[in-house]
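The block underneath contains the structure these notes are about, expressed in structure tokens.
The numbers here are math on the coordinates, done by the rules we state, and not lab data. Model, not experiment: these values are computed from the prediction. Quick reminder, even Gly has a Cβ in these numbers, built from the backbone with ideal geometry, and neighbours come from all protein chains shown.
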Amino acid sequence: MRAHELKAFCLGFNDAVEEFPFGPETSVFKVAGKMFALSSLDAVPLTVNLKCEPENAVRLRAAYPAITPGYHMNKRHWNTVAVAGLPARLVRELIEDSYDLVVAGLPRALRLRLDRP
């Protein structure tokens, strides 16, 4: 997966927006004002920070060397994913899981507006 594909995938979710609160080099993808992905899209290697359930985060880190505790994030709830070290399908699944996890924490009315259970 390349940077432009990662960006397009993140922005493909309902109500997803890209913001730059940490400067122009860091893309922050949000839903309803809550962050679900963060990446320096011009960086080499390309990485993305994604929210994850704590138990699943530990399991993923043990299974994939390309997944490490979230850089500059709460390491219990965030992973840093080296995109080139994983199949694109898995990266997409991890991004979707991050989005869904953030949406699950939103008020019910917002979740329904986003067509998410």
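Structure notes:
- When segment 24-51 is filtered for residues that are hydrophobic (A, V, I, L, M, F, W, C) and farther than 17 Å from residue 86 by Cα, the ones remaining, listed by number, are 28, 29, 31, 32, 35, 36, 38.
Residues are listed down the side, and each one gets a yes or a no for (1) under 13 Å from residue 6 (Cβ atoms); (2) free of Cβ contacts under 8 Å to residues at least 24 places away in the same chain; (3) surrounded by 17 or more Cβ atoms within 10 Å (Cβ to Cβ):
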| position | (1), (2), (3) |
| --- | --- |
| 49 | yes, no, yes |
| 63 | no, yes, no |
| 72 | no, yes, no |
| 77 | no, no, no |
| 84 | yes, no, no |
| 88 | yes, no, no |
| 91 | yes, no, yes |
